[in-house]
1. Just checking, does the range 73-93 include any residue being polar (S, T, N, Q) and touching a residue at least 60 places away in the same chain (Cβ under 8 Å)?
2. Which pairs have Cβ atoms under 7 Å, sit 6 or more apart or on different chains, and link a residue in the range 29-43 that is over 15 Å from Phe101 (Cβ atoms) to one that is of a type in the set (Val, Ile, Thr)?
3. Quick one: how many residues across the range 34-64 are open to solvent by less than 70 Å² (accessible area, probe 1.4 Å) and acidic (Asp, Glu)?
4. If you scan the range 91-141, which residues turn out to be surrounded by 13 or more Cβ atoms within 10 Å (Cβ to Cβ), modelled with pLDDT of 90 or more and among the basic types (Lys, Arg)?
5. Mind checking which residues of the range 65-84 are surrounded by 14 or more Cβ atoms within 10 Å (Cβ to Cβ), aliphatic (A, V, I, L, M) and in a helix (DSSP H, G or I)?
6. Tell me which residues, restricted to the range 44-64, are farther than 19 Å from Gln106 by Cα and without any contact (Cβ under 8 Å) to a residue 24 or more places away in the chain.
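The values are calculated or read from the model by the stated rules, or taken from the named source; none is laboratory data. Not measured: the values here are computed from a predicted model. Virtual Cβ from ideal backbone geometry, glycine too; neighbours counted across all protein chains shown. Areas reflect the complete protein model, heavy atoms only, side chains present, ligands, DNA and RNA absent. Shrake-Rupley method; radii C 1.70, N 1.55, O 1.52, S 1.80 Å.
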Amino acid sequence: ALEIVDDVEGVCCCDPKWSDKRCVPYHDAEHEYEHANLAINSLVFNVFIAMELFNFINARKINDELNIFKGIFTSPVFSGVLFVILVSQVIIMESPLNSFFKVQGQTWEEWLLAIGIGFLGWPLALVTKLLTPSRGKIGSS
């Protein structure tokens with residue numbers, strides 16, 4: 001919880017857990033909150049799209065097939081859609097369009113975090129395929 005502290009520099013909005021009592025001037029506290037909220041929402045959006053892209057690749061293979069990359073470039077439609085989504089995501093996050101989508105640009109660390117979290121879907125799907133007994137092939141009678 002934030003508390004209002006009467007400081008020599010004026011009224012501040014401080015978190016009492018901060019040992020050095022770093023304060024944000026009260027009139028800027030709402031702006032700081034909105035900026036932090038925008039940063040978190042932007043990262044969540046970027047992680048979500050990264051997870052979707054990795055799942056898009058992973059979902060190509062059904063029937064317990066383990067090699068998700070086999071024949072990945074044989075479908076020009078698949079490659080085109082993957083490319084469009086990837087380029088669109090970068091444009092949305094890093095161009096002036098980001099204000100329209102209410103997101104902000106990401107640092108390299110945030111991009112790597114989003115890609116890393118998205119990547120986790122691949123080993124998770126592999127473990128699931130290896131541990132789940134086959135229930136029959138989809139599309140077979």
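1. Checked against the condition, which is being polar (S, T, N, Q) and touching a residue at least 60 places away in the same chain (Cβ under 8 Å), the range 73-93 yields no hits at all.
2. Going by the 7 Å Cβ cut-off, the qualifying pairs are Glu32/Val24.
3. The number of residues fulfilling the criteria is 1.
4. none
5. Leu82
6. Ala59, Arg60, Lys61
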